[in-house]
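One structure is given here, and the rest of the page talks about it.
The values are calculated or read from the model by the stated rules, or taken from the named source; none is laboratory data. Computed from a predicted model, the values in this text were never measured in an experiment. Note: ideal-geometry Cβ built from the backbone for every residue, glycine included; neighbour counts use all protein chains shown. Side chains are part of the model used for accessible areas, which takes the heavy atoms of the whole protein and leaves out ligands, DNA and RNA. Shrake-Rupley method; radii C 1.70, N 1.55, O 1.52, S 1.80 Å.
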Amino acid sequence: MNKFKFIFCCIIFVHCKSLFSQQFGQDFFKPVQLNAVKTTVWLTDFVVDAQLIQCVSIIDEFGYKVNWDGKSDSCVITVNPNLALSMNGLNIELKNSHQILTVPLKKSNKKLRQFVFKDANHNYSKIQIKGTFNNWNPNSLNLVYNNGLWLGEVYVTEGSHQYVLVLNGSKEIRDPNNKDSVSNGMGSYNSRFIYKEREIELKTAVHSNIDENFIKVVLETNLLSGISKEFYLKHKNKYNIIALLDNRILKASILSKYTKNDLIETSMVEVIIPTKSKLSRSYLRCWVSSIEGVSNDILVPVVGNEILGDIDKYKDRTDPRTMVIYNPMIDRFKDGNKLNNKPLNRPDVNKKLDFQGGDIVGIKQKIESGYFKNLSINTIWISPIIKNPAGPYGQWDNPKTKFSGYHGYWPISSTQTDERFCTKKELEDMIEVAHKNGINVLFDYVAHHIHEEHPLYKQHPDWYSSLYLPDGSKNTERWDEYRLTTWFDDFMPTFNFFKPEVVDAMTDSAVWWFQNYNVDGFRHDATKHIPDIFWRTLTKKLKAKVIIPQNRSLYQIGETYGSPELIGSYLGSGLLDAQFDFNLYDAAVSAFKDTKGGCSNLAQVLNDSKKTYGSHHSMGNITGNQDRPRFISLADGSLKEGENVKQAGWDRNILANVIGYNRLQNLFAFMIAAPGVPVIYYGDEIGMPGANDPDSRRMMRFKDDGDSLTLQELNNKLTVAHLLKFRSESMPLLYGDCKVAAPSENQLIIERNYFGKKVIFLFNTSTSDTEFDLTNFFDDNRKLDGVDLSDNSLYPLKLNIYKTNGNLVTKKLLVKSEDFVILNQN
């Protein structure tokens, strides 16, 4: 076989951790998603003080242009989409040190999608389309009537897109010209289309130490597969590699093997990494791209002078890739201090909506008892501890009742804790105990609104959006049409963050919590209803006042319901680290709650997430949350598809039955198999049942506190503990590449690979035992075993081997009905 070698870049920068952390923060720069032609890139997302910058440039200038005036906080990058490579880098050279930091850049891959609706008799006065591509806002896509046809078009990103047609402003229907549809989870269906580009793969292969100063990492890619040597030599500027150690460009090259016909068969990317003497951690990241598309990203942790192969050698609770988050609602978790119990005890407040006594002391007690450690949980996200009103507000009609502020989301102060939850000293003690036990603590921060009893509402009445729209209607719960101004309720004023003084004051308020408590991050409420100027200002202040001067790691995760594009628009080095992946959760619920199928859609949504957020993102993979019905009650049939799941919790007592536990465990297994951070809503570990809130917010039960737990609940908790422990010790699950396939509507395969070590999950959601074809996942040179979760031991598999007339061998494994199997290959 002939070989040839070409080098894309050959600059090596010695990593300087101390200078990096002092001036730029802890983590590596997130890729910037560029617009189709022109994009403003905020340099202060990467270097807090733009005065430290000497100049900026593009790694590969062909098809790219950058303009910076030498003093502004931002630059403008212009792209010629027909010439530009899909992946590039923005070099930032610093004054004095002349260090060069590189920000990854991703070219837009949007394509035009056209819609046509026949209406020969002009029966409709208005037709609109709302979907994931316009954040479900029908006003952003109005079709135009022309000669019997309604016409419209919109640019869409790669991936799957759901939508409906809106007729005459009210009636919603599926697109009659599109037969593809998926359940919307609410008893009806949305139309769907999928836009795909060529799949460019990159995966880890081998690594070795060249000498005491350098490590060689080899990756495998199909970037050049099927291309002739002659074609490549003429067009080699159409392909590239971006390889970074943290934020510094590395030497990288590619070796290709040819067939007899001079076609490229396989390609191996070689990256050379300079080693460090100190035991500190860095990350290798790599992409390969062409003009047409970009590969998945590779993430490899490097510790000292070696590639990390065993997570036990370097554990860091602040690394988002290793986090498992648990979300207790404080009032409903554990009552540790009965002296602070102050329920309203009013006849107009139903007991379900009153304070029930849970507090921070109770959470501390559970940390000390080892409850979280026994579940391999290393991060606790607590509901808001901010002071809430003493009395009730709002109204529910059936039954008639008002609400207390037990949930914590009605702030009447910006700095005071609610005495029903904790004192300042109790909160400090809990954080200290958590850290001693290797557990992070995330605060739930409410930036979007305050309660009308908050002093700021009277002090600054002009700081809020109007409760009424120009047409006289109320701007409440207008989640998509007026997402940046809508109020959640009449007594919850929404901040107008288009006013600089409001942004400045409220970001100072958020930073105050980090300056006064040794907290590890924020969960941000209602993220999509706040413009990005708030998040950019907040993150810049956190870097300048906390992260850099204190050399401290912080993790920020947001809450946004919407398309991957909208969710992703809030992510970046100057914005948030992650958001909850509600789209993935919805697809997982649909696939695992019954035996009707949905695995192909789940696989597609998982691939969409990888494309949008990266293959090694730190998005939150939830098992449920406070605003949803419990998964187990959907899975065991206690809640019916299409019914009012909020009212159901008032109308009847929702219990759990046996079939739901198995399906819940399938969901847990999926959430640890997929890239991202598992996020467990309190009670899901025991399969707590419930309709939507407030029924999904029942008081937590603990066996060691004398509460009664069924055998199924105890077994569920044990399975969850085994799954999370397995994840915490698995390099493929923490840092591995991800490959997903759905052989049928009831079969899902997820493969995670880290330098040849593989973990493979097989999910069977059907009513019968089903064979899985492992031929494409099986390496004959490596042994494939099953994983026994009870002790993480391996057991031999009973594979069914089939031969066809052409001597083609297929290897299959039988998986039981509604079950999952974990395979291991070393």
Added length on full extension, which subtracts the Cα-Cα distance from 0.36 nm per residue, LYS65 to ASN142:
24.3 nm
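Any chance you could run the full-extension gain for LYS545 through GLU172? It's 0.36 nm times the residue separation minus the Cα-Cα distance, nm to one decimal.
Full-extension gain reported as 129.4 nm.
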Give me the 1.4 Å probe accessible area per residue for the range 318-363, excluding ligands and nucleic acids, in Å².
36 Å²
Listed by chain and number, the aspartates and glutamates with an alpha carbon less than 13 angstrom from that of LYS110, same-chain partners under 8 positions apart left out, are GLU153, GLU158, GLU197, GLU292, GLU565
Distance between the range 500-565 and the range 589-620 - C-alpha centres, whole angstrom:
28 Å
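What does the convex hull of the alpha-carbon atoms of the range 329-423 project to on average, in nm²? Can you show the working numbers first?
Values: hull surface 27.3 nm².
Hull-based average projected area comes out at 6.8 nm².
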Taking the Cβ of ILE58 as the centre, find all other residues whose Cβ is under 15 Å away and add up their charges (Lys, Arg: +1; Asp, Glu: -1).
+1
Hey, could you grab the Kirkwood Rh for the range 259-315? Inverse mean 1/r over distinct alpha carbon pairs, Å, one decimal.
14.1 Å
What net charge do the residues around ASN776 carry, taking every other residue with its C-beta under 11 Å from that of ASN776, with Lys and Arg at +1 and Asp and Glu at -1?
-1
Positive-end residue of ILE530, PHE495, THR485, charge dipole of the range 429-543 with Cβ unit charges:
ILE530
Normalised by the number of residues in the chain, what is the relative contact order in percent for Cα pairs under 8 Å and 6+ residues apart?
10 percent
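Rounded to the nearest 0.05, what FRET efficiency do ASN715 and SER97 give with R0 = 51 Å and r taken as the Cβ-Cβ distance? Could you check?
Working: r = 58 Å, r/R0 = 1.13.
Step by step, r from the Cβ atoms, then E = 0.35.
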Amide H neighbours of GLU172 under 5 Å, counting only residues 5+ apart in sequence or on other chains, H built in-plane at 1.01 Å?
LEU167
Karplus-derived 3J(HN,Hα) from phi for the range 412-422 (6.51 cos²θ - 1.76 cosθ + 1.60, θ = phi - 60°), whole Hz, x at Gly and Pro, runs 10, 8, 9, 9, 8, 7, 7, 4, 6, 9, 5
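Determine by what factor the alpha-carbon radius of gyration of the range 704-764 differs from 2.2 N^0.38 Å, reporting the quotient.
Details: Rg = 15.8 Å, N = 61, 2.2 N^0.38 = 10.5 Å.
Against the compact-globule rule of thumb, the ratio is 1.51.
Could you state the accessible area per residue of the range 39-105 in Å², with a 1.4 Å probe and every protein chain left in place?
On the way: 2740 Å² over 67 residues.
On a per-residue basis, 41 Å².
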Find the centroid of the Cα atoms in the range 698-775 and in the range 369-428, then give the distance between the two in whole Å.
31 Å
Quick one: Debye curve from the C-alpha atoms of the range 720-826, no solvent, what's log10 I(q)/I(0) at q = 0.11, 0.17, 0.22 Å⁻¹?
-0.34, -0.83, -1.35
Accessible-area composition of the chain, carbon plus sulfur, in percent [1.4 Å probe]
49 percent
To check you understand DSSP bridge types, tell me what percent of the beta bridges within the chain (both residues inside) are antiparallel, rounded to 5.
85 percent
Step through the residues of the range 362-368 one at a time and calculate ³J(HN,Hα) from phi using the Karplus curve (6.51 cos²θ - 1.76 cosθ + 1.60, θ = phi - 60°), rounding each to whole Hz and writing x for Gly and Pro.
x, 5, 4, 4, 6, 5, 5
Check each of the GluC sites (Glu not before Pro) in the range 181-271 and keep only those in coil by DSSP with at most 16 other C-beta atoms within 10 angstrom; list them in order.
GLU197, GLU199, GLU201, GLU212
Which residues qualify? For LYS30, with a placed amide H closer than 5 Å and at least 5 residues away or on another chain, they are SER573
Amide H to amide H under 5 Å from TYR326: which residues, 5+ apart in sequence or cross-chain, H placed 1.01 Å off N in plane?
THR379, ILE380, TRP381, ILE680
So what's the back-of-envelope 222 nm ellipticity for the chain, counting only DSSP H runs of four-plus at -39500 (n - 2.57) apiece and dividing by all residues, rounded to 500?
-5500 deg cm²/dmol
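By how many nm would the segment from LYS236 to LEU52 lengthen if fully extended, with 0.36 nm per residue of separation less the alpha-carbon distance?
On the way: separation 184, 0.36 × 184 = 66.24 nm, distance 3.58 nm.
Length gained, LYS236 through LEU52: 62.7 nm.
Between rounded, prolate and oblate, where does the range 734-794 land on the alpha carbon gyration tensor, with a ≥ b ≥ c its root eigenvalues, rounded for a/c under 1.5, else prolate if a/b exceeds b/c?
Details: a/c = 1.66, a/b = 1.36, b/c = 1.22.
Judged from the Cα gyration tensor, the range 734-794 comes out prolate (a/c at least 1.5, a/b above b/c).
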P(r) of the range 566-678 over all Cα-Cα pairs, binned every 5 Å from zero, in whole percent:
2, 11, 21, 21, 17, 12, 9, 5, 2, 0
Phi to ³J(HN,Hα) by Karplus 6.51 cos²θ - 1.76 cosθ + 1.60 over the range 760-767, Hz, x for Gly, Pro:
10, 9, 10, 10, 10, 9, 8, 7
